[in-house]
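Take a look at the structure below.
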Amino acid sequence: MLAVALTLGAGVGVVAATTPRALDAGAPPPAPATVTVTASAAPAPTVTVPAPPVTSGRTTPADPAKRLTDGTYLVGTEAEAGSYRSPGPATGGNGHCYWARLRPNGTSKIVDDQLTTGPARFTARTGEYVQVAGCEFTRSP
């Protein structure tokens, strides 16, 4: 009988603990909870722009040049093929004259080059590039 009373007493305690209590009539209702939700912006779309083609930076002239100054030229399009001569470094420059013949592709781009402090001469061939720095070259007739 004692076991029944303890079991019954324990059951009443469990029921009392799980049963909601009546609100006190004099107490104000609890304040509503405020929840702030921050929306994140949609990610910006990814835009892929193709790289511009590699060029010498010059607009293609109507006629290929017969006079070359600092820059790189495509022979046959931007510069005439043939023999070019320079009297030497430009006045007011660093005292050096450089020219190079370059392949349009391949592992070693330099076909031939020269750095001088005096007169210089080279022959440019169609399809290759010519690079000049520090002096002016004129095509020989």
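In table form, for the structure just shown:
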read-out	value
Selection status of Gly76, on the phi > 0 side of the Ramachandran plot, surrounded by 13 or more Cβ atoms within 10 Å (Cβ to Cβ), of a type in the set (Gly, Ala, Ser) and in contact with a Cys (Cβ under 9 Å, 6 or more places away or on another chain)	no
Options Thr77, Thr59: the member that is modelled with pLDDT of 70 or more, under 33 Å from the mean Cα position of the chain (by Cα) and among the polar types (S, T, N, Q)	Thr77
When residues of the range 115-141 are limited to those that are touching a residue at least 60 places away in the same chain (Cβ under 8 Å) and touching a Lys or Arg at 6+ places or on another chain (Cβ under 7 Å), the one surrounded by the fewest Cβ atoms within 10 Å (Cβ to Cβ)	Thr138
Matching residues, the range 80-89, being over 36 Å from the mean Cα position of the chain (by Cα) and either in contact (Cβ under 8 Å) with a residue 60 or more places away in the chain or in a loop (DSSP other than H, G, I, E, B) (or both)	Pro87, Gly88
Identity of the residue in the range 86-114, surrounded by 17 or more Cβ atoms within 10 Å (Cβ to Cβ) and hydrophobic (A, V, I, L, M, F, W, C), that ends up modelled with the lowest pLDDT	Ala90
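Results for (1) assigned to a loop (DSSP other than H, G, I, E, B); (2) among the polar types (S, T, N, Q), shown as yes or no for each residue.
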{"position": "Leu74", "(1), (2)": "no, no"}
{"position": "Gly92", "(1), (2)": "yes, no"}
{"position": "Tyr98", "(1), (2)": "no, no"}
{"position": "Pro104", "(1), (2)": "yes, no"}
{"position": "Ser108", "(1), (2)": "yes, yes"}
{"position": "Asp113", "(1), (2)": "no, no"}
{"position": "Phe122", "(1), (2)": "no, no"}
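The values are calculated or read from the model by the stated rules, or taken from the named source; none is laboratory data. Computed from a predicted structure; not experimentally measured. Glycine gets a Cβ as well: all are built from the backbone with ideal geometry, and neighbour counts include every protein chain shown.
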